[in-house]
Amino acid sequence: MTKRKITNKLTETINKAGFKLQKHSPEILLVCGAVGAVVSAVVACRATLKVDVIMSDVEEKMNKIHEAEETGHTETGLEYSKEDAKKDTALVYAQTGMKLAKLYAPAAAIGAISLTSIFASNNILKKRNVAITAAYAAIDQSFKDYRGRVIERFGKDIDKELKYNLKSEETTEEVTDETTGEKKEMTKTNFVVKPSDISGYARFFEKYTQDDDGNCILNPHWDPNNEYNLMFIKAQERYANDLLISKKRLFLNEVYRMLGLPETKAGQVVGWVYNPDHPIGDNYVDFGLYSDNLSYSDFVNGCEPAILLDFNVDGNIWELM
């Protein structure tokens, strides 16, 4: 291997290591800060063990000063006035302060560095969150503009098929004519829908649902009677709107909990903001029961045991508030 190749390989390794350090710098700084805080406390405790020696020396010196002040003479027989006592007392206190400062200086320095590391970690994360939010807003606006162009050129039906990734599934049923009694085959077209194709927040309200890890979760609020389920969903929608007006903000996970649905990571961030003076979003919570709902009629008529819910979240409410 030539010298140039070795140099290039070494440079590449250093760059990769530097990037990984930069990538994980918030975690590294936070861990260093936490460890430093513990070390600072230990060093301070060890320093405290030496305080008694310093204070004993101070007490001995002060006793000599007081004795000399009372007798008016030092141990060597020199005259000693009150002014001399004041000067010596100030000197003893100053020397003691310097000794204590020197004793606790390492602990204070380590503590200061630890706090700086923690604050630096928080600052890096804040900057990254701002960048992520800006990127999300740009992508969201780009997607809305794209949908607008699709609707303008191809119409709402095509946009609906593309947005919801609708796939038709044909089934053949044998039907008896009531007049003639004749049996005929009738082809029926059904649309297969997945919540993930609707949006990242859409969910089926059904007996069993899956969480982010793929575990099957029983919904405690589901009932075999679809009329009861529909009544329950509408009641929770009204309650969610009352909460939004009262608290001025509502997370998606709070709504998931109301409906017995598993919480998600995104649900900790996105939700709704209520601001009647300067509306940020719709200013209300909508479960998507009626607007273009692909399963509403089948659910109401008892043909399907599940109904699709798509929530009109405003976005990242940590940034919107």
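Here, each number is a calculation from the coordinates, and none is a lab measurement. Note that this is a predicted model, so its numbers are computed, not measured. In this analysis, Cβ positions are derived from the backbone assuming ideal geometry, glycine residues included, and neighbour counts consider all displayed protein chains.
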Long-range lysine pairs (8 or more apart or interchain), segment 1-56, Cα under 28 Å: 7
Taking θ = phi - 60°, what integer Hz values does the Karplus form 6.51 cos²θ - 1.76 cosθ + 1.60 yield along segment 116-131, in sequence order, with x for Gly and Pro? 4, 5, 5, 5, 5, 4, 5, 5, 5, 5, 4, 5, 5, 5, 4, 5
Using packing as a proxy for protection, rank 34-47, 213-226, 307-320 so that the peptide with the highest average count of other Cβ atoms within 10 Å comes first. 307-320, 34-47, 213-226
Exposure proxy order (Cβ contacts within 10 Å, fewest to most) of K87, K5: K5, K87
For segment 22-122, size of Cβ-based charge dipole, Lys and Arg +1, Asp and Glu -1, in debye: 780 debye
I need the per residue convex hull volume for segment 11-76, using only the alpha carbons, in cubic angstrom as a whole number. 157 Å³
Fewest first, what order do F119, F251 take by the number of other Cβ atoms within 10 Å? F119, F251
If you rank V92, V255, V31, V53 by fewest surrounding Cβ atoms within 10 Å, what's the result? V53, V31, V92, V255
With viscosity set to 0.890 mPa s and temperature to 25 °C, compute the Stokes-Einstein D of segment 65-109, Rh being the Kirkwood radius across alpha carbon pairs; µm²/s, no decimals. 204 µm²/s
Env charge @ K99, Cβ radius under 13 Å, K,R +1 / D,E -1, value +1
Could you pull the Cα extents of segment 16-132 along its three principal axes, largest to smallest, in whole Å? 78, 25, 20
